[in-house]
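Everything below concerns the one structure shown next.
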Amino acid sequence: MPSRQYAYQYETSPRKIKPDYSKPKKNANQYNKAKPKKQEVKKPNQDEINKTKKKQEEQKAKNALIAKTKVAVFFKCAILFVIVFFMLFMNSRISESFSQVQNLKQKITELQKANDQLEINIQNSLNLNNVEQKAKELLGMQKLSNKQTSYISLSKKDFVEPRTEKVIIEEETNWFDELIEKIQKVF
């Protein structure tokens, strides 16, 4: 018959199967007195110390490199933001200037139209017939008749007298020159 460990039991009785081995029983005092064993702490040798120091230094170098890259990325992003902001600002200034130029061009065309209209009005008012008509209507003027015209005869001499006065040209002088002139007048 096979050993009991590998055999399958067909028994249907409610009794429990006992194991083939027995567990040693411990006293309650043994649990209280049981102390954990001290594990021996193995002292690392010089090579292990050097390896851990190298690993720590490499880790510090990696951390420093990561920090530097983070700072560099931050500054690059900040510079990019400033450049984009400056470009947008300049673009808005350009569009504002362009709109001002368009407004000024529109005002120029309006003023040129008004100027052209005023020139036409001036030319119409300077027409000799219009001047004559306004003089008659507004001022009550009339054309000259032969009775109103008188002629005088003048001799052919020139009636302009030549200038006999001496022309004095005053030059601007500074205070030092004036002081020297005053001293010369005194002596």
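The values are calculated or read from the model by the stated rules, or taken from the named source; none is laboratory data. Quantities reported herein were computed from a predicted structural model and do not represent experimental measurements. So basically every Cβ, Gly included, is an ideal-geometry build from the backbone, and we count neighbours across all protein chains shown.
Residue check: is residue 159 of a type in the set (A, V, I, L, M, F, W, C) and either under 57 Å from the mean Cα position of the chain (by Cα) or at pLDDT 80 or above (or both)? For residue 159, the condition - of a type in the set (A, V, I, L, M, F, W, C) and either under 57 Å from the mean Cα position of the chain (by Cα) or at pLDDT 80 or above (or both) - is not met. Which condition from (1) out of contact with any helix residue (DSSP H, G or I) (no Cβ under 9 Å at 6 or more places or on another chain); (2) modelled with pLDDT of 70 or more; (3) loosely packed, with under 10 Cβ neighbours inside 10 Å is the one that residue 143 breaks? Of (1) out of contact with any helix residue (DSSP H, G or I) (no Cβ under 9 Å at 6 or more places or on another chain); (2) modelled with pLDDT of 70 or more; (3) loosely packed, with under 10 Cβ neighbours inside 10 Å, only one is false for residue 143: (1). For beta carbons closer than 7 Å, sequence separation of 6+ or different chains, a first residue in the stretch 101-125 that is free of Cβ contacts under 8 Å to residues at least 12 places away in the same chain and a second that is surrounded by 10 or more Cβ atoms within 10 Å (Cβ to Cβ) and polar (S, T, N, Q), the qualifying pairs are 124/130.
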